[in-house]
Amino acid sequence: MASLKEMRNRIGSVKATQKITKAMQMVAAAKLRRAQDAAQSARPYARRMASVIANLAGGVSGDAAPRLLVGTGSTTKQLVVVATADRGLAGGFNSSIVRMARERISRLIAEGKDVRVLVLGKKARDQLRRQYGDRFVGVFEAGGNPSMATAEAVAARITELFETGEADVVTLIYNQFRSVVSQVPTAAQLIPAQLETGAAPIDLKGAAYEYEPSEEAILEELLPRNLKVQVFSAMLENQAGFFAAQMTAMDNATRNAGDMIASLTLQYNRTRQAQITKELIEIISGAEAL
C-alpha cells in the first residue's frame, strides 16, 4: 500500500492536471465560437459557387469541357487528400478522419488502383506515415489558423499532380462540423468536379443568358478557384470541429480528474484514520502493560 506522502503527492499531481484540462477547456470554448462562425460563413459562398458551376456545366459537353470538370476518363490513379489538425488532445477527432482515409486507401489498393496520398495536418502525417509513407506526394501543416495561402498551396499541388498525369481522381477527407458534439468524417470528390445535385437553379425570370466569354472559358477560370475554396472550407470545418472536440474531451478529462481526486482523498483519509487507530491501540496496550 502506498504511504500517506505518496498519496498526497498523487492527489496534488491530479489536481495540477485538472487545472490544465480546465484551462484548455476554457480556451477551446473561447476559440470555438469564432471558428464556428468562420466555418458557417464560408458555406453560402461555397454552395453558391457549386450552384454556378452546376448551371454552367449544363451547357458544356464534349472535348471543349475543362479537364477539371470531366476528368481524364480514367480512375486508375487515385489521389487521397487527408486533412486533419496539427494538434491532438481532442478525443477521436483526428483518428476518425484517419480511419476513413485508411479504409478508403486500402479499398482502392484492393481494387488495383494506383493510390497516392497528400496530407494536410501533422496528425495525418504522423498516423499515416508508417503504413503509407511511401505513397506520400505532399505534406502540409494546417497551422494555428486556416489561411487561404495554405489552401492555395495545397490546391496548386493537386492541380500539378493532375496536369502531369499522376492523378485521375482526387478525393478530400475531412471532418464536417455539425454541432459541438457531432463532427462527421466526410469524403468530397474534388476532381472530376462533383456537381451539386441539389444546387438551386438560377432564376432567370424568363430571360435568356448569353455568356461572354463562353461557358468553357468561365469554367476554366472558376474550377481552379473552386478547388481552393473547397480546400479552405474543409480547413475551416476542421478547425471548428477540432475546438468542439477538444472542449468536450477536456471537459470529460476535468470531470474524470475530479472523480479521481475524490476517490484518492477518501482512500487517503481511510489510510490516515487506520494509522491513527493503530497508534492509539499501541499506546493503550503499552499503558496497560505498565
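We did not get these values from a lab; they are worked out from the coordinates using the rules stated. All values derive from a computational prediction rather than experimental measurement. When we count neighbours, we look across all protein chains shown, and the Cβ atoms used for this are built from the backbone with ideal geometry, even at glycine.
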Check which residues have an amide H placed less than 5 Å from LEU190's amide H, if you skip close sequence neighbours.
VAL170, THR171, LEU172
Computed about the Cα centre, the charge dipole of segment 75-140 from +1 Lys/Arg and -1 Asp/Glu charges at the Cβ has a magnitude in debye, to the nearest 20, of 60
Going residue by residue through segment 229-242, the Karplus relation 6.51 cos²θ - 1.76 cosθ + 1.60 with θ = phi - 60° gives ³J(HN,Hα) values, rounded to whole Hz and with x marking Gly or Pro, of 5, 5, 5, 5, 4, 5, 5, 5, 4, 4, 5, 4, x, 5
Calculate how steeply helix 93-110 sits against the longest principal axis of the alpha-carbon atoms of the chain, using the helix alpha-carbon long axis, and give the answer as 0 to 90 degrees to the nearest 10.
50
Rounded to the nearest 0.05, what FRET efficiency is calculated for SER95 and ALA156 with R0 set to 30 Å and r the Cβ-Cβ distance?
0.55
Given a Förster radius of 45 Å and the C-beta distance between LYS113 and ALA23 as r, what FRET efficiency does 1/(1 + (r/R0)^6) yield to the nearest 0.05?
0.45
At 222 nm, what helix-only mean residue ellipticity would the chain give, in deg cm²/dmol to the nearest 500, using -39500 (n - 2.57) for each DSSP H run of four or more?
-22000 deg cm²/dmol
Kirkwood Rh in Å, taken over segment 39-245 so that all alpha-carbon pairs contribute
17.7
When the Cα centres of segment 209-254 and segment 39-59 are compared, how far apart do they sit, in Å?
11
Here are some pairs, LYS122/LYS228; LYS31/LYS77; LYS31/LYS113; which of them have Cα atoms lying more than 29 Å apart in this structure?
LYS31/LYS77; LYS31/LYS113
With a Förster distance of 51 angstrom and the Cβ-Cβ distance between SER285 and VAL139, calculated FRET efficiency to the nearest 0.05 equals 0.10
What do you get for trypsin sites (Lys or Arg not before Pro) in segment 124-169 restricted to DSSP loop and a cutoff of at most 14 other Cβ within 10 Å of the site's Cβ?
none
Under Karplus coefficients 6.51, -1.76 and 1.60, residue-wise ³J(HN,Hα) of segment 147-158 in Hz, glycine/proline x
10, 5, 4, 5, 4, 5, 5, 5, 4, 5, 5, 4
Working from Cα positions, state the angle (0 to 90°, nearest 10) between the long axis of helix 122-132 and the longest principal axis of the chain.
80
Based on the alpha-carbon set only, what is the convex hull volume of segment 76-118 divided per residue, in Å³?
48
Built amide H within the under 5 Å cut-off of GLN176, gap 5+:
VAL184, THR186
Would you mind pulling out the separation of the Cα centroids of segment 130-159 and segment 173-187, in Å?
19
How large is the translational diffusion coefficient of segment 112-172 in µm² per second when you combine the Kirkwood radius over alpha carbon pairs with Stokes-Einstein at 37 °C and 0.692 mPa s?
265
Place a +1 charge on the Cβ of each Lys and Arg in the chain and a -1 charge on the Cβ of each Asp and Glu, then give the dipole magnitude about the Cα centre in debye, rounded to the nearest 20.
1560
Put +1 on the Cβ of every Lys and Arg and -1 on every Asp and Glu Cβ in the chain; which of ASN94, GLN275, GLN239 then has its Cα farthest towards the positive end of the dipole?
GLN275
Give me, ordered by chain and number, the residues 5 or more places off VAL117 or on other chains with an amide H under 5 Å from its own placed amide H.
VAL80, PHE136, VAL137
Could you tell me which residue out of ALA30, ASN145, ALA42 lies farthest along the dipole of the chain toward its positive end? Charges go on the beta carbon: Lys and Arg +1, Asp and Glu -1, centred on the Cα centre.
ALA30
Give the angle, between 0 and 90 degrees and rounded to the nearest 10, that separates the Cα long axis of helix 4-57 from the longest principal axis of the Cα atoms of the chain.
10
